Amino acid sequence: MITITTVTELNQLIQKYKLAKQTIGFVPTMGYLHEGHLSLVKQSQKQNAITIVSIFVNPTQFGPNEDFAKYPRDLARDQQLLASVNTDILFYPSVEEVYPKFTPVKNLTADVRLSNVACGLKRPGHFDGVVTVVARLFDIVQPERSYFGLKDYQQFLVIKKMAEQQKYNIEIIGCPIVREPDGLAMSSRNKYLSATHRSNAPQINQILQSAKALLIKETEIAKVKQYIVDSIGQIPEATLDYIEICNADTIESTNVYIPNKTIMLIAVFVGKTRLIDNGVC
Ligand code: AMP
């Protein structure tokens with residue numbers, strides 16, 4: 001695996017791949033990698049000749065009181081993990097490479113409907129930062145396919161929409177949530193959890209599973225939501241940020257349960273760590 005830090009250098013390689021008609025699969029990340037990220041790499045390798053992973057902690061998608069400065073970073077560890085699964089290229093640009101001072105980058109706005117709920121409401125401007133950086137990375141990497149985890153379900157829909165609206169000829173592929181053996185969705189932010197918080201965090205997924213069983217048994221959506229609110233309230237030092245039960249395609253709030261087309265989106269602070277999860281039901 002090679003690590004490349006400049007757009008110019010990466011461009012030269014990409015031109016070579018394009019000439020040789022080798023397809024490129026792209027996995028954008030913020031680093032501090034885990035098996036969830038590696039599952040995207042493996043999926044890309046199945047479908048493309050070349051797999052490029054980027055690690056870039058994008059300042060524009062963090063709010064002023066969020067964890068940009070202390071977001072976990074460990075390049076050597078990430079390089080080792082990526083090499084262990086035979087990634088072709090790690091693109092590891094500086095902020096100046098992604099947002100050059102004298103060449104303006106197009107600033108995009110996330111689709112209003114898709115970003116007007118859940119994380120979009122709780123993190124104003126977050127998805128604008130996400131679509132802007134992903135579009136910039138698409139312009140640099142020029143992949144045929146790009147891979148995103150369904151753990152960040154709303155992000156997946158927002159990016160898919162952006163790719164359509166901006167007419168990128170890139171297939172946006174959603175990959176299943178990878179979980180720890182106890183059910184906690186893998187996340188770089190799990191590193192922040194204290195031992196007690198870590199042992200309580202899997203309850204989020206357990207509560208979603210029980211809520212799903214209630215929905216399937218045709219319990220009213222409002223009651224299911226209340227069940228989730230009450231159950232999260234029982235987890236020590238946990239605070240519910242939001243719970244939304246939505247149509248899985250539009251992520252509009254719904255009062256009607258449609259099997260396999262309904263999704264529960266949740267964000268919970270466990271201590272100070274904000275964890276998200278979801279479940280299609
Ligand atoms: P991040 O580094 O958190 O920005 O994530 C980079 C990509 O990895 C995003 O597409 C995430 O949705 C995906 N990802 C993160 N955690 C998981 C997980 N547990 N399972 C599957 N994909 C994930």
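For the reader, a short list of remarks on this structure follows.
- Considered as a group, the residues in the stretch 174-197 that are outside any helix (DSSP H, G or I) and more than 10 Å from the ligand (Cβ to nearest atom) include one that is surrounded by the most Cβ atoms within 10 Å (Cβ to Cβ), and that residue is Leu193.
- Complete set of residues in the stretch 228-254 that are in a helix (DSSP H, G or I) and either without any contact (Cβ under 8 Å) to a residue 12 or more places away in the chain or of a type in the set (Asp, Glu) (or both): Asp230, Gly233
- Residue match in the stretch 120-127 (condition: touching a Cys at 6+ places or on another chain (Cβ under 7 Å) and either in a helix (DSSP H, G or I) or not charged (D, E, K, R) (or both)): yes
- Whenever a residue of the stretch 75-87 is of a type outside the set (D, E, K, R), its partners that are part of a loop (DSSP other than H, G, I, E, B) and modelled with pLDDT of 95 or more, lying with C-beta atoms within less than 6 angstrom and at least six residues away or across chains, give the pairs Leu81/Leu33; Leu82/Met1; Ala83/Met1; Thr87/Met1.
- Among (1) among the hydroxyl-bearing types (Ser, Thr, Tyr); (2) part of a helix (DSSP H, G or I); (3) surrounded by fewer than 19 Cβ atoms within 10 Å (Cβ to Cβ) - the single one Ser39 does not satisfy: (3)
- The residue pairs whose first member lies in the stretch 26-53 and is near the ligand (Cβ under 6 Å from one of its atoms), whose second member is among the hydroxyl-bearing types (Ser, Thr, Tyr), and whose beta carbons are closer than 6 Å, counting only pairs six or more residues apart or on different chains, are His37/Thr29; Leu40/Tyr147.
- Residue in the stretch 214-225 that is closer than 17 Å to Ile276 by Cβ, part of a helix (DSSP H, G or I) and in contact with a Phe, Trp or Tyr (Cβ under 6 Å, 6 or more places away or on another chain) present: no
- Residue list for the stretch 141-169, restricted to those being without any contact (Cβ under 8 Å) to a residue 60 or more places away in the chain, away from the ligand (no atom under 13 Å from the Cβ) and on the phi < 0 side of the Ramachandran plot: Lys161, Met162, Ala163, Glu164, Gln165, Gln166, Tyr168, Asn169
The values are calculated or read from the model by the stated rules, or taken from the named source; none is laboratory data. Computed from a prediction, not measured in an experiment: that's the story for all the values here. So basically every Cβ, Gly included, is an ideal-geometry build from the backbone, and we count neighbours across all protein chains shown.
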